[in-house]
Amino acid sequence: MSETYTPPAVWTPPDTTGGRFGAINQPTAGPRFDRALPVGDHDLQLYSLGTPNGQKVSILLEELLEAGHTGAEYDAWLINIMDLDQFSSGFVEVNPNSKIPAMVDRSGEAPVRLFESGSIMLYLAEKFGAFLPASGAARAEVINWLMWQMGSAPFLGGGFGHFYAYAPEKLEYPINRYAMEAKRQMDVLDRQLADHRFIAGADYTIADIAIYPWYGALVEGRAYGDAATFLQADQYTHLKRWADEVGARTAVLRGRRVNQSDPEKGVAERHSPADLD
Ligand SMILES: N[C@@H](CCC(=O)N[C@@H](CS)C(=O)NCC(=O)O)C(=O)O
């Protein structure tokens, strides 16, 4: 690969784009092979992987259970994206976008399919009437921050994380561009948390649950190698104070361990609370 590139008039896919995720990318959507998804005993079936996007949903489910919502019991099945599980016909029926997390709610007459972590979180918060104010300005503020997370994290992960940690070459231009944006995003959160205990105000909500696996992990030094040092994450003291509080919650610690392919990090599948005990 060369440092500079002159795009041809019409793009054609390279043999491989290289880097950590090069092998899984293709310019087309849809299933790549036939395989049905497994279905367990509970109403809620989660198909996921313990990445930050996956953790958002497993943390919320563990929070719901901790708060006494027994209907939130769930089966969590591992979708190993490096093994291309996200391209099975069964998974694509649930999520035509072939990305984790996906979920099916089988509690009603017909199963409800759910994809996009923000959509799944809103659905669960509404279903159980928890971690989301019922109406008005307070509800709007939670949704503001939930949507902020959905829109911002691709610049942190697909932008900064990709070029700093995963791309086959270290290129100064994209690393500068996305380091700038990652720091700006941390400053947005730090300023908000300077005078709010939680992201959307005094209460812990799905906004905190969505943001913690990304930006909490970043300030806690668990994302993209030495990124916390590189980005001087310790400058963001309010963000760190919030991450310490959220990260210590029992349900957060449990939810982070769901659908981990590395046994040192957690369990591949979760079918009952005992799997995490
Ligand atoms: N906006 C989506 C993003 C989901 C996403 O990017 N998932 C990644 C893992 S964190 C994935 O499944 N990648 C597999 C692929 O791109 O083939 C969401 O929040 O649910």
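The values are calculated or read from the model by the stated rules, or taken from the named source; none is laboratory data. Not measured: the values here are computed from a predicted model. All Cβ positions, even for glycine, are placed from backbone atoms using ideal geometry, and neighbour counts span all protein chains on display.
Scan region 149-177 for residues that are within 16 Å of the ligand (Cβ to nearest atom), in contact with a Gly (Cβ under 8 Å, 6 or more places away or on another chain) and of a type outside the set (A, V, I, L, M, F, W, C) and the total you get is 3. Of everything in region 101-126 that is without any contact (Cβ under 8 Å) to a residue 60 or more places away in the chain and buried (at least 17 other Cβ atoms within 10 Å of the Cβ), the residue that is nearest to Asp41 (Cα to Cα) is Met103.
Within region 24-48, the residues that satisfy the criterion of being surrounded by 17 or more Cβ atoms within 10 Å (Cβ to Cβ) and within 13 Å of the ligand (Cβ to nearest atom) are Leu46, Tyr47, Ser48. Evaluation of Gly40 against the conditions (1) modelled with pLDDT of 95 or more; (2) closer than 21 Å to Glu116 by Cβ; (3) of a type outside the set (Val, Ile, Thr) shows that the sole unmet condition is (2). How about region 93-127: which of its residues are within 12 Å of the ligand (Cβ to nearest atom), touching a strand residue (DSSP E or B) at 6+ places or on another chain (Cβ under 8 Å) and among the charged types (D, E, K, R)? Answer for region 93-127, where residues must be within 12 Å of the ligand (Cβ to nearest atom), touching a strand residue (DSSP E or B) at 6+ places or on another chain (Cβ under 8 Å) and among the charged types (D, E, K, R): just Lys99.
Matching residues to (1) in contact with an Asp or Glu (Cβ under 8 Å, 6 or more places away or on another chain); (2) not in a helix (DSSP H, G or I):
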position: Ala36; (1), (2): no, yes
position: His42; (1), (2): yes, yes
position: Leu46; (1), (2): yes, yes
position: Asn53; (1), (2): no, no
position: Ile59; (1), (2): no, no
position: Glu62; (1), (2): no, no
position: Trp77; (1), (2): yes, yes
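Residues of region 38-87 that are in contact with a strand residue (DSSP E or B) (Cβ under 9 Å, 6 or more places away or on another chain), of a type in the set (A, V, I, L, M) and more than 22 Å from Leu276 (Cβ to Cβ): Leu84 alone. Per the listing Thr51, Thr12, Thr17, the residue uniquely within 13 Å of the ligand (Cβ to nearest atom), among the hydroxyl-bearing types (Ser, Thr, Tyr) and at pLDDT below 95 is Thr17.
Pairs meeting the criteria (first residue in region 10-30 and in a loop (DSSP other than H, G, I, E, B), second residue away from the ligand (no atom under 16 Å from the Cβ), beta carbons under 6 Å, at least 6 apart or on different chains) are Gly18/Pro168; Gly19/Pro168. So which residues in region 65-84 are within 16 Å of the ligand (Cβ to nearest atom) and touching a helix residue (DSSP H, G or I) at 6+ places or on another chain (Cβ under 8 Å), if there are any at all? Of everything in region 65-84, those that are within 16 Å of the ligand (Cβ to nearest atom) and touching a helix residue (DSSP H, G or I) at 6+ places or on another chain (Cβ under 8 Å) turn out to be Ala76, Leu78, Ile79, Ile81, Met82, Leu84.
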